[in-house]
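Report on the following structure.
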Amino acid sequence: MSDKPSYLGLLNAIAVGERRGHEVLSAWCEVCRDPELADVLNRVAIREREHAAAFEKRLCELGYGIRERDNPVFAEALESARSDAADAEKFRRVLGYQASDEPGRDDPLARIFDDRSIDAASGALLGRFICEERDSERQLRDQLQRITDAGRRIDDAGQSGDDDQQLADIAARLDRLAETIEQLKQLRR
Ligand SMILES: [Fe+2]
């Protein structure tokens, strides 16, 4: 039986995925004009870079290196992140979030420890990684919620502004009508 750890592919996938995550979130952060969202993107991007380095280091300690795999989804995500699309749209295109999504509905991270052969050092790293990924997702989803709520308030304000304008128009018409009636009354006297 090979003594190659069964979870090498997992460690490699995380190292590669996190490095790409760092690139995508940094690209988004650079063009983001919302300071609160930019702060969160920057924080999560740094975390992703650190995860990439930590998992690459662990692979190295185990005697292996990184294996790159082409991923067309990454190129598309990077392009979307750099684009001038609205931030709410980028949450959908770059991260696959929908405003109505509930986090953790299907959490692939929850199955990582099904592999009982994971060594203690890799396990400790994976445990920290899982909790930080979940925290990153919570922070990003909070931002999506904030942006969505702010958009809704702007829509509501626009709607009530329209209502006010309509009422002002009706009042002006009634004034003109009252004036005309008054003039007619005077003509009949
Ligand atoms: Fe990540």
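Any read-out appearing in this document is the output of simple, stated calculations on the displayed coordinates, not a laboratory observation. Every value quoted in this text rests on a predicted model; they were computed, and no experiment measured them. With ideal geometry, Cβ positions are generated from the backbone for all residues, glycine too; neighbour counts draw on all protein chains shown.
Descriptive notes on the structure:
- Whole-Å semi-axes of region 1-41's equivalent ellipsoid (Cα gyration tensor): 35, 8, 4
- Three-way shape label, region 1-93, alpha-carbon gyration tensor, a/c 1.5: prolate
- Alpha carbon convex hull of region 53-117, projected area averaged over orientations, nm²: 6.7 nm²
- Ordering of 111-124, 29-42 by burial proxy (mean other Cβ atoms within 10 Å per residue, highest first): 29-42, 111-124
- Unit Cα scatterers, Debye sum, region 103-158: log10 I(q)/I(0) for q = 0.12, 0.21 Å⁻¹: -0.45, -0.83
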